[in-house]
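Comments concern the structure below.
Just so it is clear, none of the values below were taken in a lab; they were calculated from the coordinates. Note that the structure is a prediction, hence the values are computed from the model and not measured. No Cβ is skipped: glycine too gets one built from the backbone with ideal geometry, and neighbour counts run over all protein chains shown.
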Amino acid sequence: MSVLTMVAPGVMALERRSVREPTSREVLIKIVATGICGTDLHGVAGENGRRTPGQVMGHETAGYVDRVGDGVDPAIVGRPVTIDPLVSCGDCDACRNGAAQQCPDRWVIGVRADFDAAFAEYITVPIDSVVLLPVAMPVWYGALIEPLAVGYHAMVRAATNPNDRVLIIGGGPIGQAAAIACRRLGVERVVVSEPDELRGAVVEALGFVRTTPADLNEAVRRHLDTKATVVIDAVGSSMTVAAALSNSQRGARIVLVGMASQQLTLWAYDITAAERVLIGAYCYSHEDFRSTAAWAADHPETMSVLVDLHEPLARGPHVFAALLNGTTKANKVLLRDEVG
Ligand SMILES: [Zn+2]
Ligand SMILES: [Zn+2]
């Protein structure tokens with residue numbers, strides 16, 4: 001089969017690799033669509049050290065079950081599925097508490113270097129990672145469940161409720177997913193700050209109020225009436241954390257989901273004296289992921305707005321290069337088995 005691998009920082013290439021037959025409690029999936037994530041781009045560029053040459057990445061994916069190994073019900077062959085890429089031990093305190101994303105042994109399909117992931121024609125995964133999709137839903141929607149689950153989990157981490165006034169800093173796919181999750185949770189007062197016009201247009205097409213960093217303070221006053229009670233920082237820099245602090249009420253919950261900077265500088269008294277709570281969010285629980293898959297099936301109008309470019313897997317090297325050098329701009333690119 002063809003796979004897309006990173007051959008050197010900034011360079012992707014197509015390679016032939018053999019399909020790995022599913023063994024005990026594994027499933028072979030024929031891939032229909034895999035999304036390119038911001039972390040894939042940063043990783044290929046060599047910026048975050050989270051991707052390695054020779055690696056087959058791809059963690060936002062959907063396809064059809066092709067074959068199953070021992071211990072898996074063969075009735076699922078042919079079913080449309082997505083993959084919950086967070087792999088956990090299932091047995092530690094975190095896993096037993098339904099917080100697999102906190103498992104000390106967790107790893108992520110598409111991030112771990114020695115596991116061939118979804119920028120490929122096929123992927124072999126544990127049955128526990130397979131999430132069945134509703135048959136009526138276009139299967140490529142399944143590739144959007146992963147980023148949507150990240151945004152949903154961020155809102156859940158803040159225990160967001162319909163009375164909250166939410167500011168989302170960063171309107172890329174994760175900020176968009178957080179805004180979509182607000183709607184799902186019944187929150188009506190939401191402002192999204194995003195400087196990029198293309199991403200901002202997607203935020204507006206989804207029906208949310210969009211502002212820019214320059215107009216942020218004013219937009220928060222106007223659209224939230226007062227400061228925010230929940231802020232999602234989908235960027236993760238000292239500057240965006242400062243904006244989160246200055247635009248939130250005392251007692252606000254600030255969720256750090258963006259990972260732009262490894263180290264942050266912040267005003268400690270904005271936390272202590274104002275009793276703000278700084279909350280980390282990473283991936284999703286297995287329950288967040290599965291409930292997001294079920295939610296997506298009923299919201300096709302949302303799903304169709306998010307993807308603006310479908311490209312065949314064979315064009316992957318070109319697409320990555322064009323996204324990295326800026327000649328192609330897109331909100332969300334899906335690499336497809338076939339386009340048409
Ligand atoms: Zn991702
Ligand atoms: Zn565990």
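Results, tabulated for the structure shown:
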quantity: Region 149-280: relative contact order as a whole-number percent, Cα under 8 Å and 6+ apart; calculated: 24
quantity: Structure-based [θ]222 nm, the chain - -39500 (n - 2.57) summed over DSSP H runs of at least 4, per residue, nearest 500; calculated: -8000 deg cm²/dmol
quantity: Region 222-230 - phi-based ³J(HN,Hα) in whole Hz, Karplus 6.51/-1.76/1.60, Gly and Pro as x; calculated: 6, 9, 9, 6, 9, 6, 6, 9, 9
quantity: FRET efficiency for Glu287 and Arg315, using Cβ-Cβ distance with R0 set to 56 Å, rounded to 0.05; calculated: 0.95
quantity: GNM top mover of Ala297, Ala205, Ala158 - the chain, alpha-carbon springs below 10 Å; calculated: Ala205
quantity: For region 4-113: rounded, prolate or oblate by the Cα gyration tensor [a/c cutoff 1.5]; calculated: oblate
quantity: Among Leu167, Leu264, Leu86: highest mean-square fluctuation, GNM of the chain, C-alpha pairs under 10 Å; calculated: Leu264
quantity: Stretch gain in nm, segment Thr212-Met239, where the contour uses 0.36 nm per residue and the Cα spacing is subtracted; calculated: 8.3 nm
quantity: Interatomic Cα distance distribution for the chain, bins of 10 angstrom, percent; calculated: 6, 26, 34, 24, 9, 2
quantity: Rounded to whole Hz, the Karplus (6.51, -1.76, 1.60) HN-Hα couplings of region 113-123, x for glycine and proline; calculated: 5, 9, 10, 6, 9, 9, 7, 6, 7, 9, 9
quantity: Where labels lie 7 Å past Cα in the beta-carbon direction, separation of Ala201 and Asp105 in nm; calculated: 4.8
quantity: R0 of 35 Å, Cβ-Cβ distance Arg96-Arg50: FRET efficiency to nearest 0.05; calculated: 0.80
quantity: Spatially proximal aspartates and glutamates relative to Lys329 (Cα-Cα < 14 Å; intrachain offsets below 8 disregarded); calculated: Asp196, Glu197, Asp308, Glu311
quantity: GNM flexibility winner over the chain from Cys283, Cys37, Cys103 (Cα, springs under 10 Å); calculated: Cys103
quantity: Antiparallel DSSP beta bridges within the chain, as percent of all bridges there, nearest 5; calculated: 55
quantity: Separation between Cα centres of region 18-70 and region 287-340, rounded to whole Å; calculated: 14
quantity: Global form of region 182-289, assessed from the alpha-carbon gyration tensor, a/c cut-off 1.5; calculated: rounded
quantity: Sites His299 and Tyr269 - FRET efficiency at Förster radius 51 Å, r taken between beta-carbons, to 0.05; calculated: 0.75
